[in-house]
Amino acid sequence: MRNCHPIIKILALFTVWFLYLPLMGVAVCSVNSARDGWVWKGFTLDWYVKLFDNEWILNSALNTLILAVVSTAIATVLGTVLAIGISRFPWGRKTNSFLNMMLNIPVVIPDIIMAGSLVVVFGILREVSSMFDMGMIDMIIGHVTFQIAFVALVVRSRLALIGQDVEEAGRDLFASNWYLMRKVMLPLMMPGIVAGAMLAFTLSLDDFVLSFFLSGPDSQTLPLYIYAAVRRGVTPQIHALSTLIVLVTVVLVVGAERLSKKEVA
Amino acid sequence: MKNKQILWRGEMTTKATLFRKGLAFLSGGISWLLIFLILPGLLFVGVSFATRGDHGELLWKFTIENYERLMGFSLFGWTPDYLIILWRSVEVAFVTTLVSVILSYPLSFFIASRPAKSRYVWLTLVIVPFWTNMVIRTYAWFYLLSPELPLAKLAIALGFIPEGTPLYPNAIAVYLGMVSVFLPFVTLPLYSSVEKLDWSLVEAAQDLYSSKFRVFRQAILPQTAPGLSVGIILTFVPAMGTFVVPDLLGGAKYMLVGNLIQQQFGSSRDWPFGAAVSLGLMILTMISLQIYSRKGKEIEIL
């Protein structure tokens, strides 16, 4: 690989520094025993310990997890089946472009517009059934709606990679539909399904706008909690919580990277 | 003819069976998207022509008042307030994208020039902020610019801002937040193009005494165009509709269209107007992308 010009190097290092400066500031303050201000008063993990006494935070963490797990599960099943439907059948050109459009809309549409339109729909559905009251069910539906497309796109590209030879070979060897699906296709598709599910899971953890629009009083998630807390005033507890979430993100990113490397090998 | 046997992927079947099976596979996902994405979208268009009742309820009475309001016409004459917000959103999204692109080029070249082992670490350093929740990253800036921290203290000492005030809300804070939030969205796709760059073309251009600018425009830009395009779209579209960053760092002084929409669905409870603003945002985004793709083609032809 070539060497790069010192100016490029300085600019690049500046950019990384710029990305991390605020996060580092928050991380440093999260282990500072001073309640506020920029004075170092000694190392402490008190703010982290206190997080686990705060019922609001624990509840929000639980909600975040429930939302991410349930929506990812639904979206992974629907998205995978959809991807098979799209790439395993001889659809005409028009159907294909319609299906492509359906997958691309949730990817390119600004999330705030999706959130607004769901608020209106749930507002109308609420007149029919109280199931659609602002809260977890609405949030899960919202998340699944954008996750499906991402899962389907990832699984579809995996299916394209597999090709059709294995399937034909299976048929030639008299595999039944069920056997072919379970013993041949599913294991081959697995890396794609796992990658799609991980993407969906992270997207759900990352979402703020949809949750913000659709949440009810009992379904606060961690990003919503932090957002509300900032308006009340910054506390070291929020520093600790944010830093913890960043650390979880690091673990997820590195873990996903490891996993995908293993798949290749 | 319909029941004629055909061979599809090693299976003897008929066209009708194949069609039925395919439909069964599609039905779940597609009906979900139709019910919760397409129908709400169409309904949204309808709502933007509806009327708000006195208590924020929806009245299905046709009106174009919401769009007139967005254009600035009201009972009290014409004001450009909403148009300014719309224009400002385009401006902020454009500048954010531009700055992110300018910073992403050196960063992706730097990462690509690292030895294989540390390249992975540098790349992870960009991926982590990409996946970190936007609220947390905005909050971090919010905190960094608060009155007790050195940055604000410096500004106070220099007399830019009064004692005890934070470095927000203002335009600079919004830009700082926006660029740091969206930068990885450009860097990652751009890096995937830079990684595959054919350096012999760059060297050829240099051998032929091209200026640095020409080397970039004719040897590097066309090769990195695919990643750059993805990055620009990934940044511009969400940047147009963002509301966390301007809400925390811009406040009422520097409102963007995302805040305006959020207000209509939150405190003001004016769904029809909110829908009209959303469609305005949608149209603006489409127009901008259209202009970009036309300009983008010109670049490719050059």
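The values are calculated or read from the model by the stated rules, or taken from the named source; none is laboratory data. From a predicted model like this one, the values you see are computed outputs, not experimental measurements. Backbone-built Cβ (ideal geometry, glycine too); neighbour counts: all protein chains shown.
Quick check on residue B:78: is it surrounded by fewer than 19 Cβ atoms within 10 Å (Cβ to Cβ), touching a Gly at 6+ places or on another chain (Cβ under 7 Å) and free of Cβ contacts under 8 Å to residues at least 40 places away in the same chain?
yes
To keep it simple, each residue is scored yes or no on (1) over 21 Å from residue A:212 (Cβ atoms); (2) in a helix (DSSP H, G or I); (3) away from every other protein chain (no Cβ under 11 Å); (4) modelled with pLDDT of 95 or more.
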residue	(1), (2), (3), (4)
A:22	yes, yes, no, no
A:29	yes, yes, no, no
A:38	yes, no, no, no
A:50	yes, yes, yes, no
A:60	no, yes, yes, no
A:68	no, yes, yes, yes
A:90	yes, no, no, no
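Within region B:91-111, can one find any residue that is part of a helix (DSSP H, G or I) and under 19 Å from residue A:254 (Cα atoms)? Yes. The set of residues in region B:260-284 that are in a helix (DSSP H, G or I), in contact (Cβ under 8 Å) with a residue 40 or more places away in the chain and more than 7 Å from chain A (Cβ to nearest Cβ) comprises B:260, B:272, B:273, B:276, B:277, B:279, B:280, B:284.
Looking at B:18, B:103, B:86, which one is of a type in the set (A, V, I, L, M, F, W, C) and over 30 Å from residue B:183 (Cβ atoms)?
After applying the criteria, what remains is B:18.
Can you name every residue in region B:144-159 that is in a helix (DSSP H, G or I) and more than 12 Å from residue B:173 (Cβ to Cβ)? Correct list: B:150, B:153, B:154, B:156, B:157. Of all residues in region B:176-222, those satisfying the criterion of being among the hydroxyl-bearing types (Ser, Thr, Tyr), under 19 Å from residue A:7 (Cβ atoms) and either surrounded by fewer than 20 Cβ atoms within 10 Å (Cβ to Cβ) or not assigned by TED's automatic domain parsing to the domain that holds residue B:106 (or both) are B:210, B:211. Here region A:106-158 is the region considered, the condition is being more than 9 Å from chain B (Cβ to nearest Cβ), of a type outside the set (A, V, I, L, M, F, W, C) and over 22 Å from residue A:199 (Cα atoms), and the residue that is surrounded by the most Cβ atoms within 10 Å (Cβ to Cβ) is A:135. Each residue in region B:48-75 was checked for being within 19 Å of residue B:253 (Cα to Cα) and surrounded by 19 or more Cβ atoms within 10 Å (Cβ to Cβ), and 1 pass. Answer with yes or no whether residue A:40 is under 30 Å from residue B:186 (Cα atoms) and aromatic (Phe, Trp, Tyr). For residue A:40, the condition - under 30 Å from residue B:186 (Cα atoms) and aromatic (Phe, Trp, Tyr) - is not met.
Among the residues examined, residue B:41 qualifies as under 24 Å from residue B:256 (Cα atoms) and outside the structural domain of residue B:177 (by TED's automatic domain parsing). When region A:70-88 is limited to residues that are polar (S, T, N, Q) and buried (at least 21 other Cβ atoms within 10 Å of the Cβ), the one that is farthest from the other protein chains (Cβ to nearest Cβ) turns out to be A:72. Checked across region B:276-287, the condition of being modelled with pLDDT of 85 or more and more than 16 Å from the chain's Cα centre (by Cα) holds for at least one residue. For residue B:168, the criteria (1) in contact (Cβ under 8 Å) with a residue 40 or more places away in the chain; (2) part of a helix (DSSP H, G or I); (3) within 25 Å of residue B:246 (Cβ to Cβ) hold in every case but one, which is (2).
In the condition set (1) in contact with a helix residue (DSSP H, G or I) (Cβ under 7 Å, 6 or more places away or on another chain); (2) more than 7 Å from every other protein chain (Cβ to nearest Cβ); (3) among the aliphatic types (A, V, I, L, M), residue B:98 is compliant with all but (1).
Restricted to region B:43-59, and to residues that are at pLDDT below 85 and part of a loop (DSSP other than H, G, I, E, B), which residue is farthest from residue A:120 (Cα to Cα)? Per the criteria, the residue is B:54.
Conditions tested, residue by residue: (1) among the hydroxyl-bearing types (Ser, Thr, Tyr); (2) over 21 Å from the mean Cα position of the chain (by Cα).
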| position | (1), (2) |
| --- | --- |
| B:25 | no, yes |
| B:50 | no, yes |
| B:68 | no, yes |
| B:89 | yes, no |
| B:120 | yes, yes |
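Looking only at region B:131-188, how many residues end up being modelled with pLDDT under 80 and facing chain A (nearest Cβ under 9 Å)? Qualifying residue count for the region: 4. The single condition from (1) surrounded by fewer than 19 Cβ atoms within 10 Å (Cβ to Cβ); (2) at the interface with another protein chain (Cβ under 8 Å from one of its Cβ atoms); (3) over 22 Å from residue A:142 (Cα atoms) that residue A:239 fails is (1).
Condition check for residue B:34 on (1) surrounded by fewer than 19 Cβ atoms within 10 Å (Cβ to Cβ); (2) within 7 Å of chain A (Cβ to nearest Cβ); (3) under 30 Å from residue A:177 (Cβ atoms): one failure, at (2).
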